[in-house]
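These notes concern the structure reproduced below.
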Amino acid sequence: MSLRVAFAFDAGAAGETNFFTLDDLTKGVIGSTAYTLGGDQALTDVSEYVRSVSVSRGRSRRLDRVQTASASVVLDNRARLFDPTAGTAVSPYASSIKPRRNVVISADDQPILTGLVEDWDLDFDISGDATTTAICADGFLQLSQGAVVAGTQSPEPSGTRVDAVLTEIEWPTSKRDIATGEVTLQSDVVDANVNVLDYLQLVTDTEYGVLFMARDGRVTFKDRAFQQGFADVVEFGGTALPYSAITVGYGSDLLYNSVVLTREGGGTAIASGTASQAEYGISELSKSGYLHATDTETQDLADYLLTVYAEPTFRITGMTVLMDGLSLADRQAVSGLEIADAVQVTFTPSIGDPIVQYARVDRIAHTLTPSRHEVSLELSQATPSFILGHPLFGVIGSSYGLGF
């Protein structure tokens, strides 16, 4: 396993980058072409000093929004190389050790987090040991601190709206991966000081898509069609990629047999599963503020959510993969997984036939040292639509309905 950590400080460049920096008199000027959100940076490889790395990206479950990713990089600081008070005579990085420096963490040439340092925590032990821990986050940190331009939005597809908002805040087009979207948004009025990330998440909720910061630092928006398709599937278990531990669940934590959705400036859509309510009692999913252009679109979403969550399901909820011993190609396949990617998991109980289930990735966590790499995945059962020609999802008469 090849672990690489690089920060945006460099003795030759005096630690300067062209990344937009909030509240900075020079780099924090809105509209600047020299200092842009998600800008390029000069990176310095400090991998030889890394003791451990932990990364966590994603959400708790399918119905939740993706949160800002977090990472922790523990560096050997016995020589005070990562001490901002050491002075440049001791450390060529001293003047660059500041919050909001860019960081890229990679494993086997696959980026697993691209973001910023929030804090540098220094620890000194009486034995003489010393470490510096870089506490990091991804680009959602920037989006959560900006505001949407106030005004009336045009009726447009959800992906077009996401792109427009990113253009307003001057997020580089090279650092976006935005799907067109399947739903048309209404002409809603955005008040002053509406948070960029909150608004983009609302657009995503309306689409029933997913918004996240990719491993390589691109703002990524996947629409509902992606969530119901299976173009590329990484397989685990059986004769495929091995896992060291697996968790399964069967209960009411994802049971919703009453769905109530309210559209901004419109009506309320209600979908009720009477058979499920009679069996398990009423469990309600209630959300508001959707930006659909019509009440019909809100009702379509409510009906779809009911079909997905009206009954409890036996589901594989997570697994752990030990990367040590895997081939380079297999390690890269695991490290290359993204939020909402589809996986196929084969679970073989001690008694009985193997259980094969499709799932989507909700959370990805990496724990690394220079000699060990462990990946933990949290999963939600996939809810595919009918796919013509697919050996499982394309069977006539199956429970897989047409997409919406």
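The values are calculated or read from the model by the stated rules, or taken from the named source; none is laboratory data. Predicted model, so just to flag it, every value in this text is computed and none were measured. Glycine also receives a Cβ, built like all others from the backbone with ideal geometry; neighbour counts cover every protein chain displayed. Only protein heavy atoms, including side chains, enter the accessible area calculation; ligands, DNA and RNA are left aside. Shrake-Rupley method; radii C 1.70, N 1.55, O 1.52, S 1.80 Å.
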message = Residues to consider are Leu337, Leu326, Leu301, Leu261; find the one that is part of a strand (DSSP E or B) and under 30 Å from Met213 (Cβ atoms).
response = Leu261
remark   = A careful count of residues in region 348-378 that are open to solvent by 10 Å² or more (accessible area, probe 1.4 Å), over 16 Å from Ala240 (Cα atoms), part of a strand (DSSP E or B) and not small (Gly, Ala, Ser) gives 7
task = Please list, ordered by first then second residue, the pairs with beta carbon atoms under 9 Å, 6 or more apart or interchain, first in region 166-179 and on the phi > 0 side of the Ramachandran plot, second among the hydroxyl-bearing types (Ser, Thr, Tyr) and open to solvent by less than 50 Å² (accessible area, probe 1.4 Å).
result = Glu170/Ser32; Glu170/Thr36
query = Out of the residues in region 230-270 that are on the phi > 0 side of the Ramachandran plot and touching a strand residue (DSSP E or B) at 6+ places or on another chain (Cβ under 7 Å), which is least open to solvent (accessible area, probe 1.4 Å)?
reply = Gly237
request  = Could you list, in sequence order, all residues of region 320-347 that are open to solvent by less than 10 Å² (accessible area, probe 1.4 Å), within 12 Å of Tyr243 (Cβ to Cβ) and either modelled with pLDDT under 95 or in contact with a Phe, Trp or Tyr (Cβ under 8 Å, 6 or more places away or on another chain) (or both)?
outcome  = Val321, Val343, Val345
ask   = What number goes with the only condition from (1) out of contact with any helix residue (DSSP H, G or I) (no Cβ under 9 Å at 6 or more places or on another chain); (2) surrounded by 16 or more Cβ atoms within 10 Å (Cβ to Cβ); (3) farther than 30 Å from Leu81 by Cβ; (4) among the β-branched types (Val, Ile, Thr) that Val189 does not pass?
value = (2)
Checking Ala271 against (1) modelled with pLDDT under 95; (2) not in a loop (DSSP other than H, G, I, E, B), the condition it does not meet = (1)
task = State yes or no: is Ser385 part of a strand (DSSP E or B), farther than 20 Å from Thr239 by Cα, modelled with pLDDT under 95 and among the hydroxyl-bearing types (Ser, Thr, Tyr)?
result = no
ask   = Taking into account only those residues within region 275-298 that are buried (at least 18 other Cβ atoms within 10 Å of the Cβ) and assigned to a helix (DSSP H, G or I), which is farthest from the chain's Cα centre (by Cα)?
value = Ser276
task = Check region 277-292 and report whether any residue there is within 13 Å of Val183 (Cβ to Cβ) and not hydrophobic (A, V, I, L, M, F, W, C).
result = yes
Any pair with Cβ under 7 angstrom, 6 or more apart, that starts in region 318-337 at a residue that is under 28 Å from Gly249 (Cα atoms) and ends at one that is part of a helix (DSSP H, G or I) and open to solvent by less than 40 Å² (accessible area, probe 1.4 Å) = Val321/Val334; Met323/Arg331; Met323/Val334
